[in-house]
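This report concerns only the one structure given below.
What follows draws every value from the coordinates through simple rules; no lab data is involved. Model, not experiment: these values are computed from the prediction. Every residue, glycine as well, gets a Cβ built from its backbone with ideal geometry; the counts of neighbours run over all protein chains shown.
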Amino acid sequence: MYRLLKQIAKVGIVTEAAPAPDASLRAIAQRLDDVVLKHFGRALAIRHVDAGSCNGCELEIHALNSPYYNLEGLGIKFVASPRHADLLLVTGPVARNMEEALRRTYDATPEPKLVVAIGDCGCDGGVFGESYASRGRVANVIPVDVAVPGCPPSPAAILQGILTAVDACRAG
Amino acid sequence: MTPTLPNIVLAPVSGAVPAWRAEADAAHWRAACEHVAQAGGRLAALWASDERARGTGYRVCALLVVHEGLVCLELRVPQDAPVYPDLAALFPAAGRMQRAAFDLVGVRALRPEGDVPDPRPWLRHGAWPEDAFPLRRDFEAAGTFPTELDRYRFVKVEGEGVHEIPVGPVHAGTIEPGHFRFSIVGEKLLRLEERLGYKHKGIEKRFTALSLEDGARLAGRISGDSTVAYAWAYAMALEGITGAQPSARALGLRALLLERERVANHLGDLGYLGNDCALAFGFAQFWRMKEDLLRANQALFGHRYLMDRIVPGGVRCDVDAAGAKRLVGEALRLKDELRAMRSIYYNHAGLQDRCITTGRLTPRNAARLGVVGLAARASGHAMDARAHPGFAPYDRFSPKVASHRNGDVAARIVVRFEEAFESLRLQRVILEQLADGPRQVPLGAAPEGAFGLGWVEGWRGEVIVALEAGADGRTRRCHPHDPSWQNWPALEHAVIGNIVPDFPLINKSFNLSYSGQDL
Ligand code: SF4
């Protein structure tokens, strides 16, 4: 136990408002925090659906959960069921074998049913394109509010995408 | 030294790893595989291709690992009777590969009794009909079919008090999709049946539409967490075909990137494994370290996960003196932090309690199932392609192979720690010895029909790429092979007798790729 406390003390708090490589993150985080609070009055519930990614985009979603990004502090939580989700974060081109599961998840999500498509694959099918096995971009299967390019997009870009979707929904 | 196989004349496959190939008829093909199985060799991969345009029907390739290196045994399968001898009785890992080969090319493995070992589809869920085979050359890549009803037959476990729990394909949490069917009594797991293939997106077909050079980008996206290993294996195969020799500097940089990928993944896994044992502190620490490493990757190499940094002919990045200094400093700092974390993990009663004896894969089962990589090393099999047969530049560094005998979650944690330490040491040695030389050399011509192999020990296990050149620099066939093919069936064994709530922990301790095996 002593060692554990020592390590905690040595490292201190790393959560940052403005990490050097993503100077824009501070502004995004601040806005996101405000918008989520105003619009939902509670945490924004996100459900991630991997519709056929290479798992690269998942790495960045995992990274968002690192102490550097302090998601919970921004009023965002990942939930286990689409029924409790305000927003779906969809990665990958949509594999034909995942098409139905994605549709079902979308149908089970209550309004406002925001959808953010992640990565070049989610935007336009990426390197996999459309084929007998891939339906390509997410918007070919369910309505998409915001698409975030990048291969994979950085955690800051993913946060920006979420903010844009929530913002647009509030305005609309 | 050329391996000897009964009635088989092997020809060398040129490239960075020791490899040979030969064509054989069905009886000799099967007998040679049996010989290898009995001599303690294993099956690395199995795939099929359509050779009707050449007038030779179909082809099934069994890629075997023998002491000397890789042996690719090729079998002609007649067009009018597309069957071949089953290998699953020799190598259980062949089972799913044979089912995939049927789904994609339409060649069936038959047992000596004349029946099909497991006729259920593996990658085909209903997106294309049973009598259409996407990897046949007359199958249009863009062709789509009405979705068929997916009626997969899971194995039923009978018995008093046995319940079934189906989970997936969409899971709670950020995990790739797959289906798990648990048969349980009370809290105890009697049986797990996996069903994968949900992420099948036609990667092997896609390769055939690309030039050999453009294939590198796709190879780097087969399993994003192993992008470096795939890009290297692909480059190795193509360099074998074209005779290109990357410079010593490029090879050193490749190894540097591969070790960074290994450390990044091990850090992430160690964090999640702590988290699953209610040690949220471990998660926070390891993910902070991982994020620092990713940011250094971005700053020095231009990509957090190092995608597209390895290209056929060399690399597309470099390190200057200041960069090298930063990386050495990082490696030394990480070593100290890892030491502190290791002592916390090894002394944490709760963590030890959850991980010791949990999810045990015995050395015997690991050998029987042909398990590879990290999971094999945690179950008493010290195999690592970096050390044996070794490929440049690792032959200069004598990497230490971590291993453990217990095969439980704790052993897989120990192996990750040990490998991370060794990887940090290797990074320093690589940087110290970085030779001068061009980043990239020209590739040279790729004669039609030329064949190359790549074999790289990624963080999860061996990543293999088999590549055949087509006309005009195009790709005739590319089979990328993920270690998860071998290791997914081992997970089914490792969970038996454990309690249901331990499944996520056991699963995480293997951390297998779905996209890498779904292709
Ligand atoms: S966008 Fe890139 S990282 Fe994301 S799933 Fe597609 S290929 Fe992988």
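Brief remarks on what is shown
Yes or no, residue by residue, for (1) more than 17 Å from A:GLU99 (Cβ to Cβ); (2) touching a Ser or Thr at 6+ places or on another chain (Cβ under 8 Å):
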{"position": "B:GLN98", "(1), (2)": "yes, no"}
{"position": "B:PRO112", "(1), (2)": "yes, no"}
{"position": "B:PRO129", "(1), (2)": "no, no"}
{"position": "B:ALA142", "(1), (2)": "no, yes"}
{"position": "B:PHE154", "(1), (2)": "yes, no"}
{"position": "B:VAL167", "(1), (2)": "yes, no"}
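- Residues being over 20 Å from A:LEU59 (Cβ atoms), within 9 Å of chain B (Cβ to nearest Cβ) and not small (Gly, Ala, Ser) - total across region A:116-135: 3
- Filter result for B:GLU204 (surrounded by 12 or more Cβ atoms within 10 Å (Cβ to Cβ) and away from chain A (no Cβ under 11 Å)): no
- Filter result for B:ARG136 (part of a loop (DSSP other than H, G, I, E, B), under 26 Å from the mean Cα position of the chain (by Cα) and either more than 10 Å from every other protein chain (Cβ to nearest Cβ) or closer than 29 Å to A:PRO82 by Cα (or both)): yes
- In a residue-by-residue description of region A:149-159, the property of being more than 9 Å from chain B (Cβ to nearest Cβ), part of a helix (DSSP H, G or I) and within 15 Å of the ligand (Cβ to nearest atom) applies to at least one position.
- Condition met for A:ASP107 (without any contact (Cβ under 8 Å) to a residue 24 or more places away in the chain, surrounded by fewer than 19 Cβ atoms within 10 Å (Cβ to Cβ) and within 14 Å of the ligand (Cβ to nearest atom)): no
- Top-ranked residue in region A:66-85 [being within 7 Å of chain B (Cβ to nearest Cβ) and under 14 Å from B:LEU294 (Cβ atoms); ranked as farthest from the ligand (Cβ to nearest atom)]: A:PRO67
- Test for A:ASP145: is it away from the ligand (no atom under 14 Å from the Cβ), away from every other protein chain (no Cβ under 14 Å) and either touching a residue at least 60 places away in the same chain (Cβ under 8 Å) or touching a Lys or Arg at 6+ places or on another chain (Cβ under 7 Å) (or both): no
- Flag if B:LEU110 is touching a Lys or Arg at 6+ places or on another chain (Cβ under 9 Å), surrounded by 12 or more Cβ atoms within 10 Å (Cβ to Cβ), of a type in the set (A, V, I, L, M, F, W, C) and in contact (Cβ under 8 Å) with a residue 24 or more places away in the chain: no
- Matching option when the condition is more than 30 Å from B:GLY473 (Cα to Cα) and of a type in the set (Ser, Thr, Tyr), among B:TYR272, B:TYR305: B:TYR272
- Scope region B:296-354; condition among the acidic types (Asp, Glu) and assigned to a loop (DSSP other than H, G, I, E, B); matching residues: B:ASP308, B:ASP318, B:ASP320
- Selection status of B:GLU239, touching a residue at least 40 places away in the same chain (Cβ under 8 Å), touching a Ser or Thr at 6+ places or on another chain (Cβ under 7 Å) and among the acidic types (Asp, Glu): no
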